[in-house]
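Each remark here refers to the structure printed beneath this line.
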Amino acid sequence: MKYNKVFYYDKNGLRKEFLAKNLDSKENVAALKKYEIWDDTELIQLTPVDFVEHETKSSFFRAVPNQPNRLVGSDESFLHDQKVNELYEALSAFQRLKVWFKDFSYYPSKDSVLCDLQTYTWNFEVTRELYDFDQKVRFDIFGQCSKGTISKKRPEVIVEVVDSHFLDADVFNSLRERTKQLSSIVLFYFLANENLYNRVENDKLRVSSFMKDGHFYYGGILIREFEPKIQDEIQNRYLYYNQISQFYIKPIRTGKKLNIGEIKRENN
């Protein structure tokens with residue numbers, strides 16, 4: 001939950017109010033961090049999330065989690081870790097990289113460029129805090145343009161290598177929210193589809209699936225959410241994940257080819 005204002009007590013014991021819109025400088029943020037800050041009931045301790053430091057679209061306050069989660073895949077395979085290292089070395093060698101995919105939204109299908117990345121800096125096993133779910137998530141590979149802030153033309157790029165395991169529901173939803181809030185793209189690199197729909201060649205990275213603007217895409221086809229049968233925000237949060245995991249990730253991860261015609265019909 002996001003809060004637009006907080007309350008604290010100054011050195012004279014006076015109750016003070018501070019608005020999120022004033023988190024517009026590092027000086028203000030640093031000064032506020034000297035105090036314990038609370039919601040108006042003084043039951044929930046809060047912490048500032050300023051757009052300057054955390055690259056969010058706006059500043060706000062969030063509750064301090066009792067035990068922040070660090071969501072790290074602990075059961076990844078040796079092949080997964082090996083591929084992460086290989087991809088990191090390959091991506092780091094390019095001054096310019098084009099990410100492309102086989103676009104099945106056209107008939108016949110054609111090759112389409114998802115993003116053209118120039119002067120990017122790459123790192124692996126990068127941890128970021130995602131505030132909507134109070135989680136810390138480790139990305140397999142993280143890329144960001146070394147010139148200027150992120151934008152539609154210079155998005156941050158997250159690469160997730162998929163072998164024996166896929167992201168769990170909370171991590172998936174955290175990344176989904178991140179792509180809604182920021183100019184962020186998540187690329188899924190499936191070892192089972194390597195050399196078919198996932199590969200690196202010259203200065204090009206080919207993928208079959210990616211997440212952008214809060215949506216999962218397969219071969220350029222936007223996978224739409226099933227219509228929820230009940231209006232339960234918490235439960236419906238996981239419906240899209242279950243849909244993607246069962247009907248797309250599981251068959252792809254095990255090396256099966258998806259029925260493109262059926263996918264098109266279901267997502268028109």
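Note that the chain presents 56 Å² accessible area per residue, ligands and nucleic acids not counted, probe 1.4 Å.
Of Asn195, Asn85, Asn123, which is the most mobile in a GNM of the chain whose springs link Cα atoms less than 10 angstrom apart? Taking springs between Cα atoms under 10 Å, the residue moving most is Asn195. Among the protein heavy atoms, those of Asp40 account for about 100 Å² of accessible surface (1.4 Å probe, every chain in place). Axis of helix 78-92 versus longest Cα principal axis of the chain: the two differ by about 80°, to the nearest ten degrees.
Ellipticity at 222 nm from helices only: DSSP H runs of n ≥ 4 in the chain, each -39500 (n - 2.57), divided by the residue count, give -6000 deg cm²/dmol. Of all the options Arg253, Arg62, Arg15, the one that moves most in a Gaussian network model of the chain with Cα springs shorter than 10 angstrom is Arg15. Can you tell me the orientation of helix 169-181 relative to the chain, as the angle in degrees between its alpha-carbon axis and the longest Cα principal axis, to the nearest 10? Once rounded, the angle reads 80 degrees. When the inverse distances between all different Cα atoms of the stretch 150-268 are averaged and flipped, the Kirkwood radius reads 15.1 angstrom. For Arg96, the shell of other residues with beta-carbons less than 15 Å away shows a net charge of +2, using +1 for Lys and Arg and -1 for Asp and Glu. For the chain, carbon and sulfur atoms together expose 46% of the accessible surface, with a 1.4 angstrom probe and every protein chain in place. Running a GNM on the chain with Cα contacts under 10 Å, which residue among Phe226, Phe104, Phe142 ends up with the highest mean-square fluctuation? In the Gaussian network model the winner is Phe226. Distance between the 7 Å Cα→Cβ label points at Asn28 and Thr41: 2.7 nm.
The values are calculated or read from the model by the stated rules, or taken from the named source; none is laboratory data. This structure is a prediction, so every number in the text was calculated from the model and none was measured. Note that each Cβ is placed from the backbone with ideal geometry, even for glycine, and that neighbours are counted across all protein chains shown. To get the accessible areas, we keep the full protein, side chains included, count just its heavy atoms, and leave off ligands, DNA and RNA. Shrake-Rupley method; radii C 1.70, N 1.55, O 1.52, S 1.80 Å.
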